[in-house]
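Input: a single structure, listed below in structure tokens.
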Amino acid sequence: MISKTKISKRTKAKTNPEIMEAINLAKKNDLLDLAKKLSAPRSQYQNVNLDELEKSEGDKIVVVGKVLGSGEIKRKIEVAALGFSDSAKDSLNKAGCDVKSIKMAIEKNPKMEGVTIL
């Protein structure tokens with residue numbers, strides 16, 4: 001487990017205000033695993049294709065990285081991520097999925113109950 005102080009030290013080099021707000025919200029709500037992943041270097045963020053979202057467990061998914069449009073999604077899920085490609089957004093909207101930012105997901109569900117973090 002990582003401490004809030006260590007997360008604060010890791011965020012000094014972050015310049016994206018959206019990521020900083022998400023990290024601060026995660027820390028405030030004691031979601032230290034999510035804050036740790038968000039405060040990591042950007043090279044450690046994951047790019048996830050729609051096929052991987054289709055295979056993942058649960059209907060609420062947080063992707064620390066970008067969702068890409070390769071593959072298909074056939075089920076209705078809630079996806080929160082740092083970014084979405086245009087084709088991924090179109091495919092998710094056609095499937096009736098709820099697409100939002102990580103910050104919005106934390107605001108809506110502060111304890112992140114029933115959420116899978118990729």
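Bear in mind these aren't lab numbers, they're just calculated from the coordinates by the rules spelled out. Just so you know, these numbers come straight off a predicted model, no measurement behind them. No Cβ is skipped: glycine too gets one built from the backbone with ideal geometry, and neighbour counts run over all protein chains shown.
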* Asked: Is there a pair in Lys74/Lys108; Lys27/Lys100; Lys12/Lys94; Lys36/Lys76; Lys6/Lys74; Lys4/Lys108 whose C-alpha atoms are over 30 Å apart, and which pairs would that be?
  -> Lys12/Lys94; Lys6/Lys74
* May I ask you to list, by number, the DSSP H helices of the chain whose Cα span along the axis is at least 20 Å and whose average Kyte-Doolittle hydropathy reaches 0.5 or more? => none
* Structure fact -> Label model pair Met1, Ser85: point-to-point distance (7 angstrom along the Cα→beta-carbon line) in nm is 3.8 nm
* **Selection from Leu38, Thr116, Ala95 lying farthest towards where the dipole of the chain points positive, charges on Cβ** => Leu38
* Asked: In cubic angstrom, how much convex hull volume per residue do the alpha carbon atoms of the chain span?
  -> 96 Å³
* **Net lengthening on full extension, Ala40/Met104 (0.36 nm per residue, minus Cα-Cα)** => 21.0 nm
* Structure fact -> For the pair Leu118 and Asp59, the simple spin-label estimate (label points 7 Å beyond Cα toward Cβ) gives in nm 1.8 nm
* **Net +/- balance of residues flanking Gly65 in space, Cβ distance below 10 Å, scoring K and R +1, D and E -1** => +3
* To do: Kindly write out, for region 40-50 in residue order, the coupling ³J(HN,Hα) from the Karplus curve 6.51 cos²θ - 1.76 cosθ + 1.60 (θ = phi - 60°), rounded to whole Hz, with x marking Gly and Pro.
  => 5, x, 4, 5, 8, 5, 9, 9, 10, 8, 4
